[in-house]
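Report on one structure; see the data block that follows.
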Amino acid sequence: MDSVNSVLIGERIKKQRQLNGYSREKLAELVDITPRFCYDLELGLKSMSVSTLYKLSNALHVSVDYILKGSSSDSSNTYDSFIGMISLCPTDKLGHLEKIIAHYIQAVQNDSE
């Protein structure tokens, strides 16, 4: 990976980590790397093994294509990312989240009419 691609890859990793509500330490734990290595990846200072890339994609609920290229050949990528975010919601608040999503969908549908 050249430095430009490494920086873009790092930005995508950081963005997905934040969307999933993970601290750098939590992501490092899930992927079995050090928090410092995670930090270096996010800055594009280090490259990773295929094994680490695979673990990152699973932990972040995105495809390997998304991490490497910013796109996905997997149409369920968005769905998986969304499910990852929902899984962070406290169980006792899921009803509220469902109402928020229902209102949002209704508003979007009304805007498109």
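The values are calculated or read from the model by the stated rules, or taken from the named source; none is laboratory data. Bear in mind that the values here come from a model prediction, so they are computed numbers and not experimental data. Cβ: placed from backbone, ideal geometry, glycine included. Neighbour counts: every protein chain shown. When the accessible area is computed, the model is the full protein with side chains, heavy atoms only, and any ligands, DNA or RNA have been set aside. Shrake-Rupley method; radii C 1.70, N 1.55, O 1.52, S 1.80 Å.
Within the range 77-86, identify whether any single residue is hydrophobic (A, V, I, L, M, F, W, C), at pLDDT 75 or above, surrounded by 10 or more Cβ atoms within 10 Å (Cβ to Cβ) and more than 16 Å from Leu60 (Cα to Cα), and answer yes or no.
No: zero hits.
Being open to solvent by less than 100 Å² (accessible area, probe 1.4 Å) and either under 28 Å from Ser57 (Cα atoms) or modelled with pLDDT under 75 (or both) is the filter here, so list the residues in the range 87-113 that pass it.
Ser87, Leu88, Cys89, Pro90, Lys93, Leu94, Leu97, Ile101, Ile105, Ser112
Residue by residue through the range 2-59, note down the ones that are hydroxyl-bearing (Ser, Thr, Tyr) and surrounded by 14 or more Cβ atoms within 10 Å (Cβ to Cβ).
Residues satisfying the conditions are Ser6, Tyr22, Tyr39, Ser47, Thr52, Tyr54, Ser57.
Does at least one position in the range 37-56 carry a residue that is outside any helix (DSSP H, G or I), closer than 26 Å to Leu94 by Cα and either of a type in the set (Lys, Arg) or modelled with pLDDT under 95 (or both)?
The answer is no, given that none of the residues of the range 37-56 is outside any helix (DSSP H, G or I), closer than 26 Å to Leu94 by Cα and either of a type in the set (Lys, Arg) or modelled with pLDDT under 95 (or both).
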